[in-house]
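The values are calculated or read from the model by the stated rules, or taken from the named source; none is laboratory data. No experiment lies behind these values; they were computed from the predicted model shown. Here the Cβ is made from the backbone with ideal geometry for all residues, glycine too, and neighbour counts use every protein chain on show. When the accessible area is computed, the model is the full protein with side chains, heavy atoms only, and any ligands, DNA or RNA have been set aside. Shrake-Rupley method; radii C 1.70, N 1.55, O 1.52, S 1.80 Å.
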Amino acid sequence: MKTNPDVVIIGGGLAGLTSAIHLSKFGLRVVLIEKNEFPKHKVCGEYISNEVLPYFQWLGIEITDLKPSPISKIAFSTAKGKMISGNLPLGGFGISRYELDNYLYLKAINNGCQIIQDTVTDIQFIADEFRISTSNTLELKSKIVIGAFGKRSNIDQKLNRGFILKKSPWLAVKAHYSGDFPNELVGLHNFKGGYCGVSKVENNTINICYLVDYGTFKQYKNIEDFQSKVIYKNPHLKAIFENCELLFEKPLTISQISFEEKCTVENHILMIGDTAGLIHPLCGNGMAMAIHSAKMVSELIIDFLGNKISSRKELEEKYSQEWNATFKNRLVTGRYLSKILQNENLTSLLMQLLTIFPLLLPLIIKKTHGKSII
Ligand SMILES: Cc1cc2nc3c(=O)[nH]c(=O)nc-3n(C[C@H](O)[C@H](O)[C@H](O)COP(=O)(O)OP(=O)(O)OC[C@H]3O[C@@H](n4cnc5c(N)ncnc54)[C@H](O)[C@@H]3O)c2cc1C
């Protein structure tokens, strides 16, 4: 690219790629920098709310091409195995990040975006312009930078963001399996110290992904030991694991997952997806939020570059206001729910309430989800 791009996006996960597709649809020159190669497996529950479908259609993303697994029901169990089930108000689908991210990557390239495999090491904002440097000594300049670098990145450290200074107790484990599991179901099963999501993705594959607090996990020798001594105490999880066969060489793990509040704009960088805030995975809405925030920021950037928004200050304020109005309550509900699930007595009280008032379940789900994104 000989001239400077209009927008540089740091990170090619769902948020960054969606925004790249949106902006390039309007003819903007977009450079996206992603440190990893495509395709790649990611630690994720891989259940996406149907709220993204109208927006995907508008972007020309034909999700049915990937043959996702439609999901309409939820089963929820306590660590001791008490279970309730219900319908998901809007429903969703299961698709692996391996397939989805790669599809969006190819779509972004097809739209004319330039995607560079490299690690961004520094972003300076000088005289109303960004200067972006990478580990391969690339230097780029642009008027707008979108931060889509996920839950935790070297850039968070560089920007000295508040959450990075605190240790987070959460780690996550994920793998694909073959075996029997109902097509239309997402299972959310508790165990001591965490919870586990189970659902199908494409090709009849089962995705199992759990979040656990490090204090509990470190008492055991390894993943197998932890699973057999802690997770198997939930009879539903025991049955699922014992009837499934691991398809990965070994499960993927990530640690230091933070659910702390983050700022939506830092050093004039507009943050989207997990870079702006991560909702507890038990809500199953992080991917839809990443995609929605990409839409939000892209629309405002188009207005800014088209002079409909008169200043950078106005752009940043509008984005922060929209982000907070749309997502803040979901994050807060997610934090409360997670606190309840970490406490055995509160979880059993919640179960009793859900058994007496079954309509509470869809109500709680609605509190952590949005409406169709159009
Ligand atoms: C255990 C767990 C289970 C989950 N389950 C679900 C679920 O079932 N449903 C749901 O909707 N959500 C779920 N989520 C949330 C969901 O995974 C995230 O919200 C979503 O991945 C956010 O996408 P993103 O684009 O913001 O970040 P990511 O997908 O993490 O993308 C960030 C990208 O930035 C790149 N990057 C980072 N630093 C740099 C750098 N310096 N230079 C270049 N590139 C860089 C990374 O390589 C990465 O590809 C889950 C999360 C966890 C932790």
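Is there a pair in Lys40/Lys250; Lys40/Lys158; Lys295/Lys371; Lys328/Lys371 whose C-alpha atoms are over 19 Å apart, and which pairs would that be?
In this structure, Lys40/Lys158 lie more than 19 Å apart at Cα.
On a full-extension model of 0.36 nm per residue, what is the gain between Ser72 and Glu184, subtracting their alpha-carbon distance, rounded to one decimal in nm? Don't skip to the end; give the middle numbers.
On the way: separation 112, 0.36 × 112 = 40.32 nm, distance 0.55 nm.
Between Ser72 and Glu184, full extension yields an extra 39.8 nm.
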Considering only Ile291, Leu363, Ile240, whose Cα is most displaced toward the positive end of the charge dipole of segment 235-374, charges sitting on Cβ of Lys, Arg (+1) and Asp, Glu (-1)?
Leu363
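If Lys and Arg each add +1 and Asp and Glu each add -1, what is the summed charge of the other residues whose beta carbon sits under 11 Å from the beta carbon of Ser228?
Values: positive: Lys221, Lys229, Lys233, Lys238; negative: Glu224, Asp225, Glu242.
Here the count lands on +1.
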How many lysine pairs are close in segment 167-244, with Cα atoms under 19 Å apart and the two 8 or more places apart or on different chains?
20
Any number yet on Rg/Rh for segment 101-147, C-alpha, Kirkwood?
1.03
Report, in whole Å, the centroid distance computed from the Cα atoms of segment 307-361 and segment 249-304.
14
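Translational diffusion coefficient of the chain at 37 °C, 0.692 mPa s, Stokes-Einstein with Kirkwood Rh over Cα pairs, in µm²/s as a whole number.
Values: Rh = 21.3 Å.
It comes out at roughly 154 µm²/s.
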Just add up the charged neighbours of Arg312: K/R +1, D/E -1, any other residue whose Cβ is under 15 Å from the Cβ of Arg312.
-4
Around Ile254 (Cβ within 12 Å, Cβ-to-Cβ, excluding Ile254; K/R +1, D/E -1) the net charge comes to +3
Linear extension gain, His41 paired with Leu349, 0.36 nm per residue minus alpha-carbon span:
107.2 nm
Debye, to nearest 20: dipole size of segment 85-191, +1 on Lys, Arg Cβ, -1 on Asp, Glu Cβ
400
Fraction of accessible area attributable to carbon and sulfur, segment 105-196 (%, probe 1.4 Å):
48
List the pair-distance distribution P(r) of segment 258-307, using every Cα-Cα distance, as the percent of pairs falling in each 5 Å bin from 0 up to the bin containing the longest distance, rounded to whole percents.
5, 20, 25, 24, 14, 7, 4, 1, 0
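Just the accessible area per residue of the chain, please: how many Å² with a 1.4 Å probe? Intermediate results must be reported in sequence, preceding the final value.
Values: 17080 Å² over 374 residues.
About 46 Å² of surface per residue is accessible.
Compute the orientation-averaged projected area for segment 127-250 from the convex hull of its Cα atoms and round it to one decimal in nm².
Working: hull surface 46.0 nm².
Spelled out: convex hull of the Cα atoms, projected over all directions, averaged, 11.5 nm².
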Among the aspartates and glutamates, which have Cα under 16 Å from the Cα of Lys262 when same-chain residues fewer than 8 positions away are ignored?
Asp156, Asp274, Glu316, Glu317, Glu322
For segment 86-143 and segment 176-198, compute the distance between their C-alpha centroids and round to whole Å.
30
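Treat segment 190-285 as a sphere of radius equal to its Kirkwood radius over Cα pairs and apply Stokes-Einstein at 10 °C in a medium of 1.306 mPa s; give the translational diffusion coefficient in µm²/s, rounded to a whole number.
Values: Rh = 15.5 Å.
Reported coefficient: 102 µm²/s.
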Above 11 angstrom, tally the Cα pairs of segment 1-50 and express them as a % of all pairs, no decimals.
73
DSSP loop chymotrypsin sites (Phe, Trp or Tyr not before Pro) with at most 16 other Cβ within 10 Å: longest gap in the chain
27-219
